[in-house]
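Below: one structure, written as structure tokens.
The values are calculated or read from the model by the stated rules, or taken from the named source; none is laboratory data. Predicted model only: the values in this text are computed from it and were never measured. Here Cβ is always computed from backbone atoms with ideal geometry, including for glycine, and neighbour counts include all displayed protein chains.
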Amino acid sequence: MEKIDILSLTLEELQEKLLQIGEKKYRALQVFQWLHCKKAESFEEMTNISAQTKAALVEKFYINSTKIQKRLVSSIDNTVKYLYALPDGNKVETVLMEYHHGNSICLSTQAGCKMGCKFCASTKAGFVRNLLPSEILLQIYETERDSGRKIDSVVLMGIGEPLDNFDNTVKFLNILSHKDGRNMSLRHVSLSTCGLADKIYALAELKLPLTLSVSLHAPTDEKRSEIMPVNLKYPIKELIKACGDYFRITGRRISFEFSLIKGVNDDMETAKELISLLKPLGVCHVNLIPINEIREGGYQKSGFVSVFQQTLIKGGLNATVRRTLGADIEAACGQLRRDNI
């Protein structure tokens, strides 16, 4: 009999599984809290569980695990970048960042990425598979164990496209926010997508109170298709309509990520096109990102970040510049994994 990944089960699923083996419903809550509040790594640690029940758990379930393969610590801003090895040998990256409001963690949702964005290192080594809910959760739990720092907020902006791993990502969010488990408010979670319009609609229907960040990076189909192949399937008009409907359904403001690339999308004409595209949406936010240069990309950082930002603000958009963290350890996602496979 193939054992079940217990860390990937919601409380309701765990209750059902334990009832099937003759355990009381309350027992599932105890186990769930051991796993997600106390971060137990074995059933033996569960001191209020009988030996007989522990034996039944061992027979039917396993507790997934991951190991730190490499850790890089920034001497500039205390950012820590982890390369985690999964049980099957695949590797993912996680970045721990320190802000004035607390500690934030950038999580991967896939081993590799199939989206093919030209400026991103995550896609260079290719796509292997989706991560399980447990493998996304373990990036938080292992990072807290290693660093001794409590994670206050989560960004799903690491390796992979979260909405391409829709079911596992949603289950991860369910487990993370469950009131009887970790109980993290989804208001402290940001989910980044390169623009899978159909999945944006699916996410909207769930009405989760998270922040949706859309990687836009260009205001026209011609420019966006050149650097983001996903635009060929979901062109800008379709994407922007999905974003408008998402806001209408959820009432949640959308953040648009815009990486500024020298000579590609950092001119004033592009800024004006961006204003014309986004202003009709009403409430949105533009997060300008000084691009992380990667060896294979050939793209360079723009020298017009401040000018671009001021142009957007004068045009009526709320625009900020993302703070660069971990520059001395290449904290941009994908670079560490690419060099270690």
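Looking at (1) buried (at least 22 other Cβ atoms within 10 Å of the Cβ); (2) aliphatic (A, V, I, L, M); (3) touching a Lys or Arg at 6+ places or on another chain (Cβ under 9 Å); (4) not in a loop (DSSP other than H, G, I, E, B), find the lone condition where A204 falls short.
Condition not satisfied by A204: (1).
Any residue in region 57-71 that is in contact with a Cys (Cβ under 6 Å, 6 or more places away or on another chain) and in the same structural domain as S134 (by TED's automatic domain parsing)?
So far as region 57-71 goes, no, none of its residues is in contact with a Cys (Cβ under 6 Å, 6 or more places away or on another chain) and in the same structural domain as S134 (by TED's automatic domain parsing).
Only one of Q139, Q110 is buried (at least 21 other Cβ atoms within 10 Å of the Cβ) and farther than 26 Å from P229 by Cβ; which? Let's see the steps before the verdict.
Details: Q110 fails: farther than 26 Å from P229 by Cβ.
From the options Q139, Q110, the qualifying one is Q139.
Can you find a residue in region 230-252 that is in contact with a His (Cβ under 9 Å, 6 or more places away or on another chain) and either closer than 28 Å to S134 by Cα or not assigned by TED's automatic domain parsing to the domain that holds C37 (or both)? So that I can check it myself, show each step before the final result.
Keep residues of region 230-252 that are in contact with a His (Cβ under 9 Å, 6 or more places away or on another chain), which gives none.
No, that holds for no residue.
Checking the structure you have, find out if any residue of region 130-144 is over 23 Å from C194 (Cβ atoms) and small (G, A, S).
Yes: one or more hits.
For region 262-278, state whether one or more residues are exposed (fewer than 14 other Cβ atoms within 10 Å of the Cβ) and under 26 Å from the mean Cα position of the chain (by Cα).
Within region 262-278, not a single residue is exposed (fewer than 14 other Cβ atoms within 10 Å of the Cβ) and under 26 Å from the mean Cα position of the chain (by Cα).
Consider L212 carefully, then state whether it is surrounded by 19 or more Cβ atoms within 10 Å (Cβ to Cβ), modelled with pLDDT of 95 or more and more than 14 Å from the chain's Cα centre (by Cα).
Spelling it out, it is not the case that L212 is surrounded by 19 or more Cβ atoms within 10 Å (Cβ to Cβ), modelled with pLDDT of 95 or more and more than 14 Å from the chain's Cα centre (by Cα).
Is there a residue in region 266-282 that is under 15 Å from F119 (Cα atoms) and modelled with pLDDT under 95? Give the derivation first.
Step one: list which residues in region 266-282 are under 15 Å from F119 (Cα atoms), which gives 266.
Adding the requirement that they be modelled with pLDDT under 95 leaves 266.
So far as region 266-282 goes, yes, one or more of its residues are under 15 Å from F119 (Cα atoms) and modelled with pLDDT under 95.
Say whether the condition of being within 21 Å of the chain's Cα centre (by Cα) and modelled with pLDDT of 95 or more is met by at least one residue in region 20-31.
No, there is no match, as no residue in region 20-31 is within 21 Å of the chain's Cα centre (by Cα) and modelled with pLDDT of 95 or more.
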